[in-house]
Amino acid sequence: MALTLSLATEHDIALLNDLGGRSYRHHFADVWDSETALEQYLEAEYGLQALHFSLMQENIEWFIIRTTQAIGLVKLSYAQQIPDEAHIGTLINKIYLLPQSTGQGHGQAIFQHIEDLAKQHGDHFIWLEVLASNPAAKSFYQRCGMHLIKNTLFVATTQQSQMHILGKNL
């Protein structure tokens, strides 16, 4: 079955809200110290108002990952500089699949779509942040040609998490 990334619009806000909430909760709920902090994060990232605002930004695009149905989402921010570094390129904010769609070999195809989109927007570098406590994701990104740029912290209201910033020249 063919995998596609379709550009999301305001008409897709409810679907992005659902996909984001379900996929994030499945993959990352256990890294949060409190349910309240998790809910605050989800509202800030996938709340209807937050999504509406994000979709209106000129350099940000959301995509719905589809096979025969919607199975996940991607969020990209173009021409973004890694903090305190010279690297500028497409920031892969999010690549999230629903639980039933993980482990089915979709990752490589999604990553190739992202590389193509970055190039179409004139970026020659892609980067992302991955939890240090997620070695499987880091390993996948390294198999895709990404390498460690630096370490950083994700700071939320009640906790912080060690992150790796990975990047790749295109």
Notebook entry, point to check: What is the local net charge at L170, summed over the other residues whose Cβ is closer than 14 Å to its Cβ (Lys, Arg +1; Asp, Glu -1)?
Noted result: -1
Notebook entry, point to check: Mean separation of Cα pairs under 8 Å and 6+ residues apart, divided by the residue count of the range 1-133: what relative contact order is that in percent?
Noted result: 26 percent
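When Lys and Arg each count +1 and Asp and Glu each count -1, what net charge do the other residues less than 15 Å away from P99, Cβ to Cβ, add up to? Kindly include the intermediate steps, with their values, before the conclusion.
On the way: positive: R22, R25; negative: D18, D30.
After counting each charged neighbour, the total is 0.
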Check: What dipole magnitude, in Debye to the nearest 20, does the range 88-170 give about its Cα centre under +1 on Lys/Arg Cβ and -1 on Asp/Glu Cβ?
Finding: 140 debye
Margin query: What does the extension gain come out to for H26 and L7, with contour length at 0.36 nm per residue minus their alpha carbon separation?
Written below: 4.5 nm
Next item on the list: Using label points projected 7 Å from each Cα along Cα→Cβ, tell me how many nm separate K119 and Q159, to one decimal.
Entry: 3.9 nm
Item checked: Spin-label model distance (nm) - F53 vs S133, 7 Å beyond Cα toward Cβ -> 2.7 nm
Next item on the list: Could you calculate the FRET efficiency of T36 with I88 from 1/(1 + (r/R0)^6), where r is the beta carbon distance between them and R0 is 25 Å, rounded to 0.05?
Entry: 0.10
Next item on the list: With all distinct Cα pairs included, what does the Kirkwood hydrodynamic radius of the chain come out to in Å, to one decimal, could you say?
Entry: 16.5 Å
Notebook entry, point to check: For the chain, what does -39500 (n - 2.57) per DSSP helix run (n ≥ 4), summed and divided by total residues, give at 222 nm, in deg cm²/dmol to the nearest 500?
Noted result: -11000 deg cm²/dmol
Notebook entry, point to check: What FRET efficiency would be calculated for the residue pair A109, L148, taking the C-beta separation as r and a Förster radius of 25 Å, to the nearest 0.05?
Noted result: 0.55
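A short reminder: the numbers here are calculations on the coordinates, not readings from a lab. Every value quoted in this text rests on a predicted model; they were computed, and no experiment measured them. Cβ coordinates were reconstructed from backbone atoms using ideal geometry, including for glycine residues, and neighbour counts include every protein chain displayed.
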